[in-house]
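Structure, as C-alpha coordinates:
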Amino acid sequence: MTAPRFRAVLDTMPAYTPGKVVVGPDGRSFKLSSNESPFGPLPSVREAIAAAAAEMHLYPDPASVTLTEALAERFAVPCEHVALGAGSVTLAQQLFETVGEPGAEVMYAWRSFEAYPVLADLSGATSVKVSLKDEAHDLDAMAEAITDATRMIFVCNPNNPTGTVKRTAELVEFLDRVPDDVLVILDEAYREYVRDEDVPDGLALYRDRPNVAVLRTFSKAYGLAGLRVGYLIGHEPVVAAARKTMVPFAINRIAQAAAVASLKAEDELLERVETVVKERARVREALIAQGWTIPPTEANFVWMRLGDRSPAFAEFCAGYGVAVRPFGAEGVRISIGDREANDAFLAAAEAFGVE
Ligand SMILES: *Cc1c(COP(=O)(O)O)cnc(C)c1O
(Lines give C-alpha, C1' and ligand atoms only; values in the text may rest on other atoms or scores of the structure.)
Protein backbone atom coordinates (compact mmCIF):
# COMPACT_ATOMS: atom_id res chain seq x y z
CA MET A 1 0.00 0.00 0.00
CA THR A 2 1.28 3.43 -0.81
CA ALA A 3 0.50 6.41 1.38
CA PRO A 4 -1.18 9.52 -0.01
CA ARG A 5 1.48 11.90 -1.34
CA PHE A 6 1.59 14.96 0.88
CA ARG A 7 3.77 18.01 0.40
CA ALA A 8 7.34 17.40 1.59
CA VAL A 9 7.14 20.47 3.83
CA LEU A 10 4.67 18.63 6.10
CA ASP A 11 7.43 16.22 7.13
CA THR A 12 9.37 19.14 8.60
CA MET A 13 6.46 20.45 10.65
CA PRO A 14 5.79 19.55 14.26
CA ALA A 15 2.65 17.55 15.01
CA TYR A 16 0.05 19.46 17.02
CA THR A 17 0.34 18.94 20.77
CA PRO A 18 -2.71 20.01 22.78
CA GLY A 19 -2.18 22.12 25.91
CA LYS A 20 -2.41 20.17 29.16
CA VAL A 21 -4.80 21.02 31.95
CA VAL A 22 -2.84 21.00 35.21
CA VAL A 23 -4.41 20.59 38.65
CA GLY A 24 -2.64 21.36 41.91
CA PRO A 25 -2.80 19.22 45.07
CA ASP A 26 -5.55 21.49 46.45
CA GLY A 27 -7.64 20.95 43.30
CA ARG A 28 -7.04 24.44 41.94
CA SER A 29 -6.21 24.89 38.26
CA PHE A 30 -4.90 28.05 36.60
CA LYS A 31 -4.19 28.49 32.90
CA LEU A 32 -1.47 31.07 32.44
CA SER A 33 -0.16 29.55 29.23
CA SER A 34 -2.14 31.19 26.41
CA ASN A 35 -2.31 34.92 27.16
CA GLU A 36 -6.09 34.76 27.50
CA SER A 37 -8.16 37.34 29.34
CA PRO A 38 -9.04 36.25 32.89
CA PHE A 39 -12.52 37.76 32.38
CA GLY A 40 -15.51 36.14 30.68
CA PRO A 41 -17.53 37.97 28.02
CA LEU A 42 -19.46 41.05 29.17
CA PRO A 43 -23.25 40.65 29.61
CA SER A 44 -23.92 42.86 26.56
CA VAL A 45 -21.60 40.71 24.46
CA ARG A 46 -23.28 37.53 25.69
CA GLU A 47 -26.65 38.97 24.67
CA ALA A 48 -25.35 39.67 21.16
CA ILE A 49 -24.03 36.11 20.99
CA ALA A 50 -27.39 34.69 22.08
CA ALA A 51 -29.22 36.78 19.49
CA ALA A 52 -26.86 35.65 16.73
CA ALA A 53 -27.30 32.02 17.82
CA ALA A 54 -30.98 32.25 16.85
CA GLU A 55 -29.96 32.85 13.23
CA MET A 56 -27.50 30.02 12.98
CA HIS A 57 -29.27 28.40 10.01
CA LEU A 58 -28.12 31.32 7.87
CA TYR A 59 -24.66 31.83 6.43
CA PRO A 60 -22.76 34.76 7.88
CA ASP A 61 -22.31 37.92 5.82
CA PRO A 62 -19.29 36.91 3.71
CA ALA A 63 -18.02 40.50 3.62
CA SER A 64 -18.72 41.13 7.33
CA VAL A 65 -20.01 44.56 6.37
CA THR A 66 -21.33 45.56 9.82
CA LEU A 67 -18.09 44.68 11.59
CA THR A 68 -15.96 46.24 8.86
CA GLU A 69 -17.93 49.48 9.15
CA ALA A 70 -17.71 49.44 12.94
CA LEU A 71 -13.92 49.04 12.82
CA ALA A 72 -13.58 51.69 10.10
CA GLU A 73 -15.53 54.11 12.24
CA ARG A 74 -13.68 53.23 15.43
CA PHE A 75 -10.28 53.89 13.84
CA ALA A 76 -11.34 56.64 11.41
CA VAL A 77 -10.20 54.75 8.31
CA PRO A 78 -12.05 53.87 5.10
CA CYS A 79 -13.76 50.45 4.93
CA GLU A 80 -11.38 49.60 2.08
CA HIS A 81 -8.56 49.74 4.65
CA VAL A 82 -10.03 46.98 6.84
CA ALA A 83 -9.60 43.23 6.27
CA LEU A 84 -10.91 40.54 8.60
CA GLY A 85 -9.84 37.04 9.47
CA ALA A 86 -10.94 34.20 11.72
CA GLY A 87 -8.48 35.32 14.38
CA SER A 88 -5.37 37.27 13.56
CA VAL A 89 -3.42 34.03 13.17
CA THR A 90 -5.67 33.19 10.23
CA LEU A 91 -5.21 36.69 8.88
CA ALA A 92 -1.45 36.23 9.23
CA GLN A 93 -1.84 33.02 7.24
CA GLN A 94 -3.79 34.96 4.60
CA LEU A 95 -0.91 37.46 4.43
CA PHE A 96 1.70 34.72 4.06
CA GLU A 97 -0.45 33.31 1.24
CA THR A 98 -0.36 36.68 -0.52
CA VAL A 99 3.45 36.69 -0.79
CA GLY A 100 4.59 33.11 -0.21
CA GLU A 101 6.08 31.14 -3.08
CA PRO A 102 9.42 29.44 -3.71
CA GLY A 103 12.18 32.04 -3.71
CA ALA A 104 10.25 34.59 -1.64
CA GLU A 105 11.69 35.52 1.74
CA VAL A 106 9.67 36.50 4.79
CA MET A 107 11.44 37.96 7.80
CA TYR A 108 10.68 38.08 11.48
CA ALA A 109 12.52 38.28 14.76
CA TRP A 110 13.26 35.11 16.66
CA ARG A 111 12.14 34.24 19.18
CA SER A 112 8.77 35.71 18.38
CA PHE A 113 5.24 34.44 17.79
CA GLU A 114 5.46 30.71 17.18
CA ALA A 115 2.92 30.75 14.36
CA TYR A 116 5.22 32.70 12.00
CA PRO A 117 7.59 29.85 11.04
CA VAL A 118 4.70 27.41 10.57
CA LEU A 119 2.74 29.79 8.35
CA ALA A 120 5.86 30.73 6.40
CA ASP A 121 6.70 27.08 5.72
CA LEU A 122 3.14 26.31 4.63
CA SER A 123 3.14 29.28 2.26
CA GLY A 124 6.24 28.06 0.45
CA ALA A 125 8.27 31.12 1.41
CA THR A 126 11.69 30.98 3.05
CA SER A 127 11.91 32.24 6.64
CA VAL A 128 14.64 34.68 7.55
CA LYS A 129 14.83 34.74 11.35
CA VAL A 130 16.76 37.57 12.97
CA SER A 131 17.83 36.99 16.57
CA LEU A 132 16.52 39.19 19.33
CA LYS A 133 18.94 41.53 21.04
CA ASP A 134 18.35 42.19 24.74
CA GLU A 135 15.04 40.28 24.41
CA ALA A 136 13.78 42.79 21.78
CA HIS A 137 13.71 43.10 17.99
CA ASP A 138 17.14 43.97 16.55
CA LEU A 139 15.79 46.34 13.90
CA ASP A 140 19.26 47.23 12.61
CA ALA A 141 20.06 43.61 11.94
CA MET A 142 16.63 43.16 10.37
CA ALA A 143 17.15 46.11 8.01
CA GLU A 144 20.53 44.69 7.04
CA ALA A 145 19.02 41.27 6.34
CA ILE A 146 16.65 42.64 3.67
CA THR A 147 17.42 41.27 0.19
CA ASP A 148 15.83 41.55 -3.26
CA ALA A 149 13.85 38.44 -2.33
CA THR A 150 12.31 39.94 0.83
CA ARG A 151 8.53 40.23 0.43
CA MET A 152 7.22 40.69 3.93
CA ILE A 153 8.50 41.51 7.42
CA PHE A 154 6.58 40.85 10.64
CA VAL A 155 7.34 43.12 13.59
CA CYS A 156 5.59 41.89 16.71
CA ASN A 157 5.17 44.90 19.01
CA PRO A 158 5.02 44.12 21.95
CA ASN A 159 6.87 40.92 21.15
CA ASN A 160 5.39 37.57 22.07
CA PRO A 161 6.86 35.87 24.17
CA THR A 162 9.26 38.46 25.63
CA GLY A 163 6.82 41.38 26.12
CA THR A 164 9.43 43.88 24.92
CA VAL A 165 8.58 46.86 22.68
CA LYS A 166 10.08 49.04 19.97
CA ARG A 167 9.60 52.77 20.44
CA THR A 168 8.68 55.38 17.86
CA ALA A 169 12.13 56.68 16.94
CA GLU A 170 13.68 53.28 16.24
CA LEU A 171 10.61 51.92 14.49
CA VAL A 172 10.33 54.94 12.20
CA GLU A 173 14.03 54.75 11.39
CA PHE A 174 13.58 51.08 10.51
CA LEU A 175 10.50 51.68 8.35
CA ASP A 176 12.43 54.37 6.48
CA ARG A 177 15.05 51.77 5.58
CA VAL A 178 12.55 49.19 4.27
CA PRO A 179 12.04 49.36 0.49
CA ASP A 180 8.54 50.42 -0.60
CA ASP A 181 7.83 47.05 -2.21
CA VAL A 182 8.33 45.11 1.01
CA LEU A 183 5.20 44.67 3.12
CA VAL A 184 5.67 45.36 6.83
CA ILE A 185 3.09 43.91 9.21
CA LEU A 186 3.03 45.42 12.67
CA ASP A 187 1.54 42.62 14.76
CA GLU A 188 -0.12 44.48 17.62
CA ALA A 189 -2.03 41.64 19.27
CA TYR A 190 -1.27 43.22 22.66
CA ARG A 191 -1.68 46.89 21.75
CA GLU A 192 -4.39 47.55 24.36
CA TYR A 193 -1.98 46.62 27.16
CA VAL A 194 0.72 49.11 26.13
CA ARG A 195 1.25 51.93 28.65
CA ASP A 196 4.67 53.21 27.49
CA GLU A 197 3.79 56.41 25.64
CA ASP A 198 6.84 56.18 23.38
CA VAL A 199 5.50 53.01 21.80
CA PRO A 200 3.81 54.08 18.58
CA ASP A 201 0.27 53.14 17.69
CA GLY A 202 0.79 51.32 14.39
CA LEU A 203 -2.24 53.14 13.01
CA ALA A 204 -0.28 56.39 13.15
CA LEU A 205 2.58 54.77 11.22
CA TYR A 206 0.54 53.10 8.48
CA ARG A 207 -1.30 56.21 7.26
CA ASP A 208 1.44 57.67 5.08
CA ARG A 209 3.16 54.34 4.38
CA PRO A 210 1.40 52.19 1.77
CA ASN A 211 3.60 49.17 2.57
CA VAL A 212 2.79 49.14 6.30
CA ALA A 213 -0.26 47.44 7.81
CA VAL A 214 -1.40 46.75 11.37
CA LEU A 215 -2.67 43.39 12.61
CA ARG A 216 -4.90 43.25 15.68
CA THR A 217 -7.24 40.84 17.39
CA PHE A 218 -10.31 40.53 19.58
CA SER A 219 -8.70 37.52 21.29
CA LYS A 220 -6.54 39.11 23.92
CA ALA A 221 -7.70 42.37 25.55
CA TYR A 222 -11.27 41.92 24.26
CA GLY A 223 -11.48 38.41 25.68
CA LEU A 224 -12.95 36.71 22.60
CA ALA A 225 -10.21 34.14 21.98
CA GLY A 226 -12.80 31.38 21.59
CA LEU A 227 -14.66 33.18 18.82
CA ARG A 228 -11.76 33.86 16.43
CA VAL A 229 -11.84 37.40 15.02
CA GLY A 230 -8.86 39.47 13.96
CA TYR A 231 -8.45 42.47 11.70
CA LEU A 232 -5.88 44.13 9.51
CA ILE A 233 -5.72 47.84 8.81
CA GLY A 234 -3.69 48.78 5.78
CA HIS A 235 -3.88 50.47 2.41
CA GLU A 236 -6.23 49.27 -0.29
CA PRO A 237 -3.87 46.97 -2.27
CA VAL A 238 -2.75 45.18 0.89
CA VAL A 239 -6.30 44.79 2.19
CA ALA A 240 -7.54 43.64 -1.22
CA ALA A 241 -4.83 40.95 -1.32
CA ALA A 242 -5.63 39.80 2.22
CA ARG A 243 -9.33 39.57 1.36
CA LYS A 244 -8.57 37.43 -1.71
CA THR A 245 -6.84 34.80 0.41
CA MET A 246 -9.66 34.53 2.95
CA VAL A 247 -11.66 31.32 3.01
CA PRO A 248 -15.28 32.25 2.21
CA PHE A 249 -17.52 32.70 5.29
CA ALA A 250 -14.50 32.24 7.60
CA ILE A 251 -15.80 34.69 10.19
CA ASN A 252 -18.92 33.18 11.62
CA ARG A 253 -22.14 34.94 12.55
CA ILE A 254 -21.58 34.79 16.32
CA ALA A 255 -18.04 36.11 15.99
CA GLN A 256 -19.17 39.07 13.88
CA ALA A 257 -21.96 39.94 16.31
CA ALA A 258 -19.75 39.60 19.38
CA ALA A 259 -17.00 41.75 17.88
CA VAL A 260 -19.47 44.52 17.02
CA ALA A 261 -20.93 44.36 20.53
CA SER A 262 -17.43 44.47 22.03
CA LEU A 263 -16.59 47.67 20.18
CA LYS A 264 -19.73 49.21 21.71
CA ALA A 265 -18.62 48.11 25.18
CA GLU A 266 -15.07 49.30 24.72
CA ASP A 267 -14.94 51.43 27.87
CA GLU A 268 -15.98 48.53 30.05
CA LEU A 269 -13.51 46.20 28.40
CA LEU A 270 -10.65 48.63 28.74
CA GLU A 271 -11.36 48.90 32.48
CA ARG A 272 -10.67 45.18 32.64
CA VAL A 273 -7.46 45.68 30.69
CA GLU A 274 -6.40 48.22 33.30
CA THR A 275 -6.83 45.57 36.01
CA VAL A 276 -4.49 43.27 34.09
CA VAL A 277 -1.97 46.08 33.60
CA LYS A 278 -1.92 46.69 37.38
CA GLU A 279 -1.50 42.98 38.08
CA ARG A 280 1.32 42.85 35.51
CA ALA A 281 3.25 45.48 37.49
CA ARG A 282 2.59 43.65 40.74
CA VAL A 283 3.71 40.27 39.36
CA ARG A 284 6.86 41.67 37.76
CA GLU A 285 7.84 43.55 40.89
CA ALA A 286 7.23 40.49 43.07
CA LEU A 287 9.38 38.33 40.78
CA ILE A 288 12.17 40.90 40.81
CA ALA A 289 11.95 40.99 44.62
CA GLN A 290 12.38 37.19 44.55
CA GLY A 291 15.61 37.74 42.63
CA TRP A 292 14.54 36.94 39.05
CA THR A 293 15.54 38.96 36.01
CA ILE A 294 12.34 39.99 34.21
CA PRO A 295 12.44 42.22 31.12
CA PRO A 296 10.01 45.15 31.17
CA THR A 297 6.77 43.98 29.56
CA GLU A 298 4.01 45.91 27.80
CA ALA A 299 1.86 42.83 27.15
CA ASN A 300 -0.32 40.60 29.36
CA PHE A 301 2.53 38.24 30.19
CA VAL A 302 6.01 38.16 31.64
CA TRP A 303 9.08 36.39 30.26
CA MET A 304 11.64 34.52 32.29
CA ARG A 305 14.79 33.54 30.41
CA LEU A 306 15.57 30.41 32.39
CA GLY A 307 17.62 28.57 29.76
CA ASP A 308 17.77 24.84 30.38
CA ARG A 309 15.83 25.23 33.65
CA SER A 310 12.74 26.19 31.61
CA PRO A 311 11.10 22.75 31.29
CA ALA A 312 11.71 22.00 34.99
CA PHE A 313 10.23 25.36 35.98
CA ALA A 314 7.08 24.66 33.95
CA GLU A 315 6.76 21.20 35.53
CA PHE A 316 7.22 22.72 38.96
CA CYS A 317 4.49 25.32 38.35
CA ALA A 318 2.17 22.53 37.17
CA GLY A 319 2.61 20.99 40.62
CA TYR A 320 1.03 24.18 41.97
CA GLY A 321 -1.87 23.91 39.52
CA VAL A 322 -0.42 26.64 37.29
CA ALA A 323 0.03 26.00 33.56
CA VAL A 324 2.74 28.22 32.04
CA ARG A 325 4.34 28.10 28.59
CA PRO A 326 7.96 26.92 28.29
CA PHE A 327 9.83 27.53 25.03
CA GLY A 328 12.45 24.81 24.72
CA ALA A 329 15.60 25.58 26.68
CA GLU A 330 15.12 29.32 26.22
CA GLY A 331 12.57 30.64 28.65
CA VAL A 332 9.07 30.53 30.04
CA ARG A 333 6.16 32.84 29.30
CA ILE A 334 3.59 33.38 32.04
CA SER A 335 0.29 35.11 31.28
CA ILE A 336 -1.12 37.58 33.77
CA GLY A 337 -4.33 36.15 35.21
CA ASP A 338 -6.57 37.25 38.05
CA ARG A 339 -5.09 37.91 41.46
CA GLU A 340 -5.60 34.38 42.76
CA ALA A 341 -3.90 32.81 39.73
CA ASN A 342 -1.03 35.27 39.88
CA ASP A 343 -0.52 34.58 43.58
CA ALA A 344 -0.47 30.83 42.93
CA PHE A 345 2.19 31.40 40.26
CA LEU A 346 4.27 33.69 42.49
CA ALA A 347 4.21 31.07 45.25
CA ALA A 348 5.48 28.46 42.77
CA ALA A 349 8.23 30.74 41.47
CA GLU A 350 9.40 31.52 45.00
CA ALA A 351 9.46 27.85 45.97
CA PHE A 352 11.36 26.90 42.80
CA GLY A 353 14.00 29.45 43.68
CA VAL A 354 16.36 31.59 41.66
CA GLU A 355 19.26 29.14 42.03
C1 LIG B 1 -2.22 35.73 20.32
C2 LIG B 1 -1.51 36.35 19.17
C3 LIG B 1 -2.13 36.54 17.93
C4 LIG B 1 -3.48 36.15 17.63
O5 LIG B 1 -4.32 35.49 17.95
P6 LIG B 1 -5.76 35.24 17.33
O7 LIG B 1 -6.44 34.59 18.45
O8 LIG B 1 -5.55 34.35 16.16
O9 LIG B 1 -6.31 36.54 16.93
C10 LIG B 1 -1.46 37.17 16.92
N11 LIG B 1 -0.22 37.58 17.09
C12 LIG B 1 0.42 37.41 18.24
C13 LIG B 1 1.78 37.92 18.38
C14 LIG B 1 -0.20 36.79 19.31
O15 LIG B 1 0.46 36.61 20.44
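The values are calculated or read from the model by the stated rules, or taken from the named source; none is laboratory data. Only a predicted model underlies this, so the values are computations on that prediction, with no experimental measurement involved. Neighbour counts run over all protein chains shown; Cβ positions are idealised from the backbone, glycine included. Side chains included, ligands, DNA and RNA excluded: accessible areas come from the protein's heavy atoms. Shrake-Rupley method; radii C 1.70, N 1.55, O 1.52, S 1.80 Å.
Overview of values
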{"quantity": "Which of Glu173, Glu114, Glu298 is most accessible, then next, and so on - probe 1.4 Å", "calculated": "Glu173, Glu114, Glu298"}
{"quantity": "Integer Hz, Karplus 6.51/-1.76/1.60 couplings in order for segment 261-278, x for Gly and Pro", "calculated": "5, 5, 5, 6, 9, 4, 4, 5, 5, 6, 4, 5, 4, 4, 4, 5, 4, 5"}
{"quantity": "Accessible area in the full protein assembly, largest first, 1.4 Å probe, for Glu69, Glu285, Glu197", "calculated": "Glu197, Glu285, Glu69"}
{"quantity": "Debye log10 I(q)/I(0) at q = 0.10, 0.18, 0.19, 0.21 Å⁻¹ for segment 151-251, Cα point scatterers", "calculated": "-0.28, -0.90, -0.99, -1.17"}
{"quantity": "In Å², nearest 10: area of Phe39 left accessible to a 1.4 Å probe", "calculated": "70"}
{"quantity": "For the chain, calculated [θ]222 nm from helices alone, where every DSSP H run of n ≥ 4 adds -39500 (n - 2.57)", "calculated": "-11500 deg cm²/dmol"}
{"quantity": "With all protein chains modelled, accessible area of Asp338 [1.4 Å, Å²]", "calculated": "70"}
{"quantity": "Rounded accessible area of Asp140 (nearest 10 Å², 1.4 Å probe)", "calculated": "80"}
{"quantity": "Candidates Pro62, Pro311, Pro14, ranked by Gaussian network fluctuation over the chain, Cα under 10 Å, top entry", "calculated": "Pro14"}
{"quantity": "Convex hull projection area averaged over all views, segment 242-355, Cα basis, nm²", "calculated": "9.7"}
{"quantity": "Hull volume in cubic angstrom per residue (convex hull over the Cα atoms of the chain)", "calculated": "164"}
{"quantity": "Full-extension gain in nm, Asp61 to Cys79, via 0.36 nm per residue minus C-alpha separation", "calculated": "5.0 nm"}
{"quantity": "Estimated FRET transfer efficiency (Lys133, Lys278; beta-carbon r; R0 22 Å; 0.05)", "calculated": "0.15"}
{"quantity": "Student exercise, segment 139-297 dipole from Lys, Arg, Asp, Glu Cβ charges, in Debye to nearest 20", "calculated": "760"}
{"quantity": "Computed lengthening from Glu47 to Glu271, 0.36 nm per intervening residue step minus Cα-Cα distance", "calculated": "78.7 nm"}
{"quantity": "Relative contact order (%) - the chain, alpha-carbon pairs under 8 angstrom, separation at least six", "calculated": "24"}
{"quantity": "Gaussian network model of the chain, Cα within-10 Å springs - most flexible of Gly103, Gly87, Gly234", "calculated": "Gly103"}
{"quantity": "Cα-centre dipole for the chain with unit charges at Cβ (Lys and Arg positive, Asp and Glu negative), debye to 20", "calculated": "920"}
{"quantity": "Exposure rank, largest accessible area first [Val260, Val23; 1.4 Å]", "calculated": "Val23, Val260"}
{"quantity": "Quotient of C-alpha Rg and 2.2 N^0.38 Å, computed over segment 256-296", "calculated": "1.72"}
{"quantity": "Whole-number Å³ per residue for the convex hull built on Cα positions in segment 53-157", "calculated": "152"}
{"quantity": "Gain on full stretching of the segment that runs from Phe6 to Ala289 - 0.36 nm per residue minus C-alpha separation", "calculated": "96.7 nm"}
